[in-house]
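Just below is one structure, and these are the notes that go with it.
Since every read-out is calculated from the coordinates, none of them should be taken as a lab result. Here the structure is a predicted model, which is why all the values come from computation and not from measurement. Quick reminder, even Gly has a Cβ in these numbers, built from the backbone with ideal geometry, and neighbours come from all protein chains shown.
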Amino acid sequence: MDTGLQQVSLQRVKPKSENRIRAKRMKALYLMMLLPMLLLFLFHYVPMYGILIAFKKFSPGLGIWNSEWNQFEHFRSLFQDFLFIRALKNTLIISLLKLIVAFPAPIVLALLLNEVKHVLFKKVAQSISYLPHFMSWVILASMVGEVLSPQRGIINHVIHMLGMQPINFLSDKAFFIPTLVATDIWKEVGWGAIIYLAAISSVNPDLYEAADVDGAGRFKKMIHITVPSLVPMIVILFILSLGNILNAGFDQILNLYNPMVYDVADIIDTYVYRKGLEQFQMDYATAVGLFKNVVGVTLILGANAIIRRRSEHGIW
């Protein structure tokens, strides 16, 4: 009886001792993690104290804590503000269009690049496709403005040669949102394809060899082997994209839009920018930003829960 108790106690102590030994071996890695975790805490968690501004009648002279509580006044007035309703509607429209059109683009590009057998062409095409990702929207907006210019742009030059009137893509409400979606794809499609190409490279080559023995062509191998291997990555990125449904691209829109297209281009982020920095209504702008973030977190949690119920894939 005593021997059995001793064995049970040893089994309980053994994992703890193994964990301590493993922790000592990884001490250098823990020390390396200390600085990033400290920076994460200082720059991402400590500033959350500023969320209190959304619940106060903020006065810079009094400071955040000493300012008077507003009894949720800003949150009640959100949906009574026509400009906020317009910005919310525009944000949802632009984000959904990007999700529908731009989200599949990197998947398609990765599948196409994976089928290219010429190594040099594949590398050059991939390098060209992800180069715009490393440029800021300040630079890209000036390039887009020149290419789409009604007087100097090559696109309008072709349109004029076809006998049609030039189009002011950045000032016409009918063309501005398609221009946003197209330029967003141009900037991010190559970078997104890298993630899917990395997932494709981890597919077991034996599956392709078995498909060759069965006489499957390249298209069937892509449909029945490559695409299913991408499903876990697609699901994770789709959930994260849903969480960003209220982020329609602040940098892009701020550098491309103008007052002529405010009706279709003004989004929550640009609305917050004007309210907070231009009109100095920091408390109200914080309330709008907090609303947006709460919706984003809710969408991530909800989408992940639904997908986990129906499949084995998800973020956690």
- Message: Let's test the formula: R0 of 25 Å, r as the Cβ-Cβ distance of K89 and W191. What FRET efficiency results, to the nearest 0.05?
- Response: 0.30
- On each of the three principal axes the extent of the alpha-carbon atoms of region 20-141, given in whole Å and largest first, is 67, 56, 29
- Message: When a/c reaches 1.5 or more, the comparison of a/b and b/c decides; with that in mind, is region 118-232 rounded, prolate or oblate per its Cα gyration tensor?
- Response: prolate
- Note on the structure: Per the rule of 0.36 nm per residue minus the C-alpha distance, extending E18 to L34 adds in nm 3.5 nm
- Task: Can you check what the net charge comes to around L113, using other residues whose Cβ is under 12 Å from the Cβ of L113 (Lys, Arg +1; Asp, Glu -1)?
- Result: +2
- Message: Tell me the mean residue ellipticity at 222 nm calculated for the chain from its helices only (DSSP H runs of n ≥ 4, each -39500 (n - 2.57), averaged over every residue, nearest 500).
- Response: -21000 deg cm²/dmol
- Message: With just the Cα atoms defining each centre, how far is region 250-297 from region 208-240? Give it in Å.
- Response: 40
- Above-threshold pairs, the threshold being 19 Å between Cα atoms, out of K117/K220; K89/K187; K89/K173: K89/K187
- Packing-based exposure ordering (other Cβ within 10 Å, fewest first) of H44, H160: H44, H160
- Query: How compact and how long is region 72-310, expressed as Rg and Dmax of its alpha-carbon atoms in Å?
  - Reply: 21.4, 69
- Identify which of R274, R76, R86 has the largest mean-square fluctuation in a Gaussian network model of the chain, with springs joining Cα atoms closer than 10 Å. R76
- Item | Choice from K187, K24, K122 showing the highest fluctuation, given a GNM over the chain with Cα pairs closer than 10 Å | K24
